[in-house]
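Engineer: Take this structure first; my questions come after.
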Amino acid sequence: MTSIQKPQVRHPGLPKNTLGYTKRDYEGAMSTLCAGCGHDSVTAALIQAFWELDLPPNRAAKMSGIGCSSKTTAYFMKQSHGFNSVHGRMPSVTSGASAANRGLTYIGISGDGDSLSIGMGQLCHAIRRNVRMLYVIENNGVYGLTKGQFSASADIGSTSKKGEANVQPPIDPALLALSLGATFVARSFSGDKTQLVPILKAGLMHDGFALIDVISPCVSFNDHEGSTKSYRFTREHEVEMTEVDFVPIRHEITTADSDAAVTAVQMHDGTVMRFRKTDEGYDPNDREKAYAHVRACQMAGEVATGLLFIQRGGADMHAVARTVERPLVELPYSELCPGKSALDTLMDSYR
Amino acid sequence: MAPTNVNDPHHYHKVVDCQYACPAHTNVPGYLRLIAQGRYTDSYLMNRASNVFPGILGRTCDRPCEPACRRGRVDGKPVAICRLKRVAADLRDDITDQLPTAPAVKNGKRVALVGAGPSALTVANDLLPLGYDVTIYEKNAQPGGLMRVNIPSFRLPAKVLDDECGYIINMGATMKYGTEVSSMKALLAEGYDAVYVGSGAPKGKELDIEGRWDESAKPNIHIGIEWLANVHFEHVEKIGKRVVIIGVGNTAMDCCRTAKRVGATDVKVIARRSRKYFKASPWELEDAEEEQVAILENHAPKRFVIENGKLVGMEFEQLAWSEEGGKQVSKVAGTVIIPCDDVILAIGQDNAFPWIERDLGLEFDQWEMPVVDKVTHQSTRADVFFGGDAAWGPQNIIWAVEHGHQAAISIHNHCSAAPVTERLEYGMNLVSAKLGMQSWSYHNDFNPSPRQKMTHEELVKRFSSVNVEVELGYTPEQTALEVQRCLNCDVETHFTDKLCIECDACVDVCPVSCLTIAVVGDEADLRTRLSAPAANMTQDIFVSGALPQTKRVMVKDEDICLHCGLCAERCPTAAWDMRKFDLLVPYAGATLESIVSTHIASAGAAR
Ligand SMILES: Cc1cc2nc3c(=O)[nH]c(=O)nc-3n(C[C@H](O)[C@H](O)[C@H](O)COP(=O)(O)OP(=O)(O)OC[C@H]3O[C@@H](n4cnc5c(N)ncnc54)[C@H](O)[C@@H]3O)c2cc1C
Ligand SMILES: Cc1ncc(C[n+]2csc(CCOP(=O)(O)OP(=O)(O)O)c2C)c(N)n1
Ligand code: SF4
Ligand code: SF4
Ligand code: SF4
Ligand SMILES: [Mg+2]
């Protein structure tokens with residue numbers, strides 16, 4: 001906790017986006033997380049991404065479960081909709097919300113405990129259904145909120161603050177998502193906003209479920225020597241597979257794509273995401289190879305970051321279920337509830 | 001860009017904009033906090049240590065601190081520093097037993113001061129406690145110089161002057177009132193160890209145009225500073241109904257407002273140029289306009305109009321200004337006659353030293369000004385020193401005070417057979433302001449209150465006499481709000497690079513986007529890569545050494561930091577800390593040890 005609220009005054013030269021907002025207009029309540037928590041940097045990166053994308057705050061919904069990471073949603077876009085669900089249930093609640101109102105931008109924030117232990121099944125099904133949402137896992141290898149027990153993402157041999165080594169094999173959310181058919185898989189680091197912000201923007205514009213595993217150190221329980229999720233360890237063992245540059249539609253692309261290593265991907269609304277392979281032989285359009293490569297990094301004790309996999313044009317939950325185009329709130333009552341005769345006709349069709 | 005050396009007091013001193021801009025380096029945030037705590041006497045004494053005349057300056061100071069104040073860059077209006085100084089002065093208790101005293105046993109050195117204006121009085125203030133025998137020669141019957149005879153008492157009541165001049169004189173200066181020094185040679189012959197010339201710039205400038213010397217018009221054409229002195233001495237008690245003032249500096253402002261109090265009803269101040277070039281301070285212009293004085297721009301005096309042996313008006317050329325090759329040039333667009341009964345010339349002051357013989361080893365330059373060293377105030381004659389308006393022409397009270405401090409150091413060196421150039425550098429104390437987790441020894445929250453407005457005496461009462469003070473001072477409520485507007489710039493953000501883990505918490509929390517972690521570069525390049533544009537190039541940027549994990553550097557644009565301490569509160573490793581900075585200013589007779597110890601006392605007091 002800080003002794004004061006963040007003063008409302010701001011730098012007079014702070015630029016405004018096309019909606020007339022400065023970055024600070026996308027802030028939320030003052031963080032109550034520990035000083036130096038990686039999650040707060042993720043919050044700052046999210047704010048930067050929303051601001052750069054001109055996202056109207058009243059058209060977004062912030063979804064979360066339980067954990068320090070899940071508290072993040074309180075700290076940005078105070079004007080947005082939101083739902084703070086029970087532990088691990090955020091994916092299902094978001095699926096439901098999206099089913100009812102497909103017109104909002106869904107931003108799910110979870111933790112490694114919230115997503116890979118209690119909420120694992122929920123996460124798998126949201127991926128499988130391809131719910132259109134940004135799904136951020138703030139991954140610190142521990143249950144921060146309950147004082148630092150190893151989580152399911154802790155690496156074998158990584159030590160607790162008291163020196164005890166973890167013996168259980170880790171679940172890597174990126175590998176999990178790749179194996180379940182996710183169409184957007186990325187990994188980044190809270191301590192590297194130049195990488196994280198463009199990836200968040202690309203994920204927000206993706207036309208399906210976008211999973212971003214963000215290594216986000218827990219300064220209080222998992223930032224010591226011996227931890228494999230500390231600031232220092234991540235910096236020393238990070239290997240960047242691709243470098244992402246996200247170009248919103250209204251910005252002209254000025255740098256020519258003469259560089260053969262640069263690939264441009266047209267997003268659904270015409271914006272362009274470009275990435276550069278920084279690792280020779282890496283192909284983020286090939287699921288099998290991507291899986292093999294990320295897995296090899298894991299075995300070598302390296303942290304593969306960047307945009308790991310992307311596939312455009314996958315059918316999302318609404319396309320598969322062939323639901324109505326408009327959000328339910330926008331349907332006239334007569335269409336939303338067509339009456340007894342319509343129900344009878346439907347029932348007859350099943351006879 | 002090399003890492004900033006914060007062990008040099010200069011970096012942190014410059015962050016305290018007000019103190020840096022004050023010629024005497026008054027510890028502004030320190031004394032404002034004391035006011036906030038209701039410790040008016042302590043606040044007064046902290047002021048007095050550097051500016052000597054807090055009550056006088058709290059009413060009349062030119063306030064170079066206020067345009068510099070960081071709060072002005074944050075919400076448009078600086079803290080009302082000057083007005084708060086007056087609060088401390090008005091509400092202080094009896095301080096006689098806390099003033100410096102002169103030792104019973106003198107040091108055997110005799111010093112003569114010419115003039116009893118603010119600069120000479122400051123010299124006396126600094127030398128008397130060291131055991132000097134100080135004699136002050138003053139032409140007038142009372143001390144204060146122009147503060148007494150020119151600054152009208154509706155701005156500066158006599159009681160305030162009497163008290164603060166008295167504090168110095170009562171230490172035991174020998175006062176020779178009514179004694180004009182008419183020969184420097186004779187003065188030196190009296191065997192003083194040193195002589196200080198603080199005689200001011202006593203000559204008002206002339207306007208040599210048609211009609212000026214016409215015998216019939218002469219009685220109605222006045223020199224501003226002489227006329228103000230005559231009003232002070234009650235030699236002049238009235239003026240015509242319609243008065244024209246030539247010039248738009250501070251003297252003009254006092255002339256027009258005084259005229260309104262001795263019978264004038266229609267007063268016009270005439271300026272050659274447009275408002276943005278006026279010399280008078282904006283607040284003086286406002287005060288004059290509040291008193292229904294008209295200010296006319298772009299008029300150049302052409303001649304005095306005399307009809308039937310009587311001054312009836314003044315003719316002006318109306319100027320149209322334009323820019324040519326980066327220079328302002330004027331064209332005459334027409335002429336106009338402004339009818340009036342009296343004219344007051346307020347177009348500047350000159351120095352005059354007819355009483356200093358030119359064969360004493362005391363050099364004068366081509367403009368008949370003494371050759372004086374900018375740092376030591378020593379003339380070309382080792383035992384004669386100059387300061388205040390006498391040294392380099394008219395300035396203001398606070399500069400006169402600072403000159404006095406510096407000259408006193410030189411005089412003390414001279415009398416102790418030390419080189420005058422042997423001067424102590426500024427020092428500093430830097431003490432953590434941390435009291436515990438998220439708890440500081442200062443009030444770190446930002447108060448969004450707007451600048452408090454000074455209440456003025458109602459017009460009818462004001463015009464009834466020259467002695468009715470116009471500014472009524474702040475109410476307790478206004479004081480409480482205004483002190484909270486201070487951003488405590490002296491509680492500095494202090495960075496220890498080896499502790500930083502580059503978590504970005506400080507960068508993310510800073511409400512005014514001061515902080516950036518970046519790959520090092522030269523200054524011009526770094527300034528383009530900050531979290532928010534570096535709008536103000538006069539403010540420094542702080543650059544740390546290489547950070548342990550990535551070898552990038554922490555960069556802080558000092559421009560609009562609120563000193564809210566949030567960076568330090570959100571830092572997990574205490575790499576950022578808030579530290580109370582105290583500038584250690586050496587005065588005459590100070591040793592390194594003595595400046596440190598007196599200021600530790602004041603740092604403690606500021607908590
Ligand atoms: C109308 C007017 C208004 C002003 N208002 C302000 C203001 O609001 N704020 C501000 O900061 N400044 C103001 N100033 C400027 C300020 O008053 C001077 O800069 C300041 O007083 C200079 O101090 P000093 O000690 O150098 O000399 P002075 O104040 O000029 O004092 C010199 C003294 O020396 C005496 N003296 C001179 N020659 C001799 C001699 N031969 N023998 C003996 N005695 C002698 C004089 O009688 C006088 O008392 C104003 C000036 C004027 C003219
Ligand atoms: C149903 C239920 N079971 C257990 C808990 C206790 N609990 C609270 S937070 C948490 C783990 C959070 O870990 P993670 O999602 O990684 O978040 P972090 O605090 O590390 O960011 C647990 C087990 C709970 N709140 N509810
Ligand atoms: S316990 Fe860990 S995860 Fe939770 S707020 Fe503190 S640093 Fe962040
Ligand atoms: S004290 Fe720190 S957080 Fe506050 S404005 Fe200054 S740099 Fe920013
Ligand atoms: S909060 Fe502290 S540790 Fe984190 S980046 Fe800032 S100075 Fe470094
Ligand atoms: Mg966790």
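Engineer: A:LEU176: more than 15 Å from A:PRO284 (Cβ to Cβ), within 16 Å of ligand 5 (Cβ to nearest atom) and in contact (Cβ under 8 Å) with a residue 24 or more places away in the chain, yes or no? So that I can check it myself, show each step before the final result.
Structural biologist: Values: more than 15 Å from A:PRO284 (Cβ to Cβ): yes; within 16 Å of ligand 5 (Cβ to nearest atom): no; in contact (Cβ under 8 Å) with a residue 24 or more places away in the chain: yes.
Here the answer is no, as A:LEU176 does not meet what is asked.
Engineer: How many residues does the stretch B:563-586 contain that are in contact with an Asp or Glu (Cβ under 7 Å, 6 or more places away or on another chain) and either among the charged types (D, E, K, R) or within 16 Å of ligand 6 (Cβ to nearest atom) (or both)?
Structural biologist: So the answer is 2.
Engineer: Have a look at A:GLY36, A:GLY13 and point out the one that is within 7 Å of chain B (Cβ to nearest Cβ), open to solvent by less than 20 Å² (accessible area, probe 1.4 Å) and of a type outside the set (A, V, I, L, M).
Structural biologist: Numbers: A:GLY13 fails: open to solvent by less than 20 Å² (accessible area, probe 1.4 Å).
So the residue among A:GLY36, A:GLY13 that is within 7 Å of chain B (Cβ to nearest Cβ), open to solvent by less than 20 Å² (accessible area, probe 1.4 Å) and of a type outside the set (A, V, I, L, M) is A:GLY36.
Engineer: Can you tell me which residues in the stretch B:558-591 are under 29 Å from the mean Cα position of the chain (by Cα) and facing chain A (nearest Cβ under 9 Å)?
Structural biologist: Answer for the stretch B:558-591, where residues must be under 29 Å from the mean Cα position of the chain (by Cα) and facing chain A (nearest Cβ under 9 Å): B:ASP559, B:ILE560, B:LEU562, B:CYS564.
Engineer: Restricting attention to the stretch A:138-169, and to residues there that are assigned to a loop (DSSP other than H, G, I, E, B) and within 16 Å of A:ASP213 (Cα to Cα), which single residue is farthest from ligand 5 (Cβ to nearest atom)?
Structural biologist: Just the residues of the stretch A:138-169 that are assigned to a loop (DSSP other than H, G, I, E, B), to begin with: A:140-141, A:144-148, A:151-158, A:160-164, A:166-169.
In the following step, the residues that additionally are within 16 Å of A:ASP213 (Cα to Cα) were identified as A:140-141, A:151-155.
Numbers: A:ASN140: 16, A:GLY141: 19, A:SER151: 23, A:ALA152: 28, A:SER153: 23, A:ALA154: 24, A:ASP155: 24 Å.
The extreme case among them is A:ALA152.
Engineer: A further question follows. Taking A:ALA186, is it crowded, with 22+ Cβ neighbours inside 10 Å and more than 13 Å from ligand 3 (Cβ to nearest atom)? Don't jump to the end; show me each part of the working.
Structural biologist: Values: crowded, with 22+ Cβ neighbours inside 10 Å: yes; more than 13 Å from ligand 3 (Cβ to nearest atom): yes.
Criteria met by A:ALA186.
Engineer: Evaluate the following for A:ASN140: is it touching a residue at least 60 places away in the same chain (Cβ under 8 Å), closer than 18 Å to A:ILE66 by Cβ and away from ligand 4 (no atom under 16 Å from the Cβ)? If you could, list the steps in order and put the result at the bottom.
Structural biologist: Values: touching a residue at least 60 places away in the same chain (Cβ under 8 Å): yes; closer than 18 Å to A:ILE66 by Cβ: yes; away from ligand 4 (no atom under 16 Å from the Cβ): yes.
So A:ASN140 fits the description; yes.
Engineer: How many of the residues making up the stretch B:242-270 are of a type in the set (S, T, N, Q), within 13 Å of ligand 1 (Cβ to nearest atom) and open to solvent by 10 Å² or more (accessible area, probe 1.4 Å)? Outline the logic, then answer.
Structural biologist: First, pick out the residues of the stretch B:242-270 that are of a type in the set (S, T, N, Q): B:250-251, B:258, B:265.
Of the ones still in play, those that are also within 13 Å of ligand 1 (Cβ to nearest atom) are B:250-251, B:258.
With the extra rule that they be open to solvent by 10 Å² or more (accessible area, probe 1.4 Å), the set shrinks to B:250-251.
Qualifying residue count for the region: 2.
Engineer: Test of understanding: among A:GLY111, A:GLY157, which residue is within 24 Å of A:VAL294 (Cα to Cα), touching a residue at least 40 places away in the same chain (Cβ under 8 Å), within 16 Å of ligand 3 (Cβ to nearest atom) and not β-branched (Val, Ile, Thr)?
Structural biologist: Testing whether each residue is within 24 Å of A:VAL294 (Cα to Cα), touching a residue at least 40 places away in the same chain (Cβ under 8 Å), within 16 Å of ligand 3 (Cβ to nearest atom) and not β-branched (Val, Ile, Thr) leaves just A:GLY111.
Engineer: Going by the conditions given, is B:ASP162 in the same structural domain as B:ALA390 (by TED's automatic domain parsing) and touching a strand residue (DSSP E or B) at 6+ places or on another chain (Cβ under 9 Å)?
Structural biologist: Spelling it out, it is not the case that B:ASP162 is in the same structural domain as B:ALA390 (by TED's automatic domain parsing) and touching a strand residue (DSSP E or B) at 6+ places or on another chain (Cβ under 9 Å).
Engineer: For the stretch B:542-556, give me the residue count where each residue is more than 9 Å from every other protein chain (Cβ to nearest Cβ) and open to solvent by 10 Å² or more (accessible area, probe 1.4 Å). Show your work before the answer.
Structural biologist: In the first step, residues of the stretch B:542-556 are kept if they are more than 9 Å from every other protein chain (Cβ to nearest Cβ); the result is B:542-547, B:551-556.
Filter once more, so that each one left must be open to solvent by 10 Å² or more (accessible area, probe 1.4 Å): B:542, B:545-546, B:551-552.
Total satisfying the criteria: 5.
Engineer: It is to be established whether one or more residues within the stretch A:41-48 are of a type in the set (A, V, I, L, M, F, W, C), within 13 Å of chain B (Cβ to nearest Cβ) and part of a loop (DSSP other than H, G, I, E, B).
Structural biologist: For the stretch A:41-48, residues of a type in the set (A, V, I, L, M, F, W, C), within 13 Å of chain B (Cβ to nearest Cβ) and part of a loop (DSSP other than H, G, I, E, B): absent.
Engineer: For the stretch B:494-528, name all the residues that are more than 12 Å from chain A (Cβ to nearest Cβ) and open to solvent by less than 10 Å² (accessible area, probe 1.4 Å).
Structural biologist: The one that is more than 12 Å from chain A (Cβ to nearest Cβ) and open to solvent by less than 10 Å² (accessible area, probe 1.4 Å): B:LEU526.
Engineer: Additional query: Of the conditions (1) in contact with a helix residue (DSSP H, G or I) (Cβ under 7 Å, 6 or more places away or on another chain); (2) free of Cβ contacts under 8 Å to residues at least 24 places away in the same chain, B:ALA417 fails just one. Which one is it?
Structural biologist: That leaves (1) as the condition not met.
Engineer: Counting just the residues of the stretch B:460-480 that are among the hydrophobic types (A, V, I, L, M, F, W, C) and within 25 Å of B:ILE56 (Cβ to Cβ), which one comes out nearest to ligand 3 (Cβ to nearest atom)?
Structural biologist: Residue satisfying both the conditions and the ranking: B:ALA480.
Engineer: Got at least one residue in the stretch B:328-336 being closer than 29 Å to B:ARG63 by Cβ and assigned by TED's automatic domain parsing to the domain that holds B:LYS241? Step through it out loud before you land on a result.
Structural biologist: Just the residues of the stretch B:328-336 that are closer than 29 Å to B:ARG63 by Cβ, to begin with: B:328.
Narrowing the set further to residues that are assigned by TED's automatic domain parsing to the domain that holds B:LYS241 leaves B:328.
So far as the stretch B:328-336 goes, yes, one or more of its residues are closer than 29 Å to B:ARG63 by Cβ and assigned by TED's automatic domain parsing to the domain that holds B:LYS241.
The values are calculated or read from the model by the stated rules, or taken from the named source; none is laboratory data. Only a predicted model underlies this, so the values are computations on that prediction, with no experimental measurement involved. Positions of Cβ are generated from backbone atoms using ideal geometry, with glycine treated the same way; all protein chains shown enter the neighbour counts. Note: areas computed on protein heavy atoms with side chains; ligands, DNA, RNA excluded. Shrake-Rupley method; radii C 1.70, N 1.55, O 1.52, S 1.80 Å.
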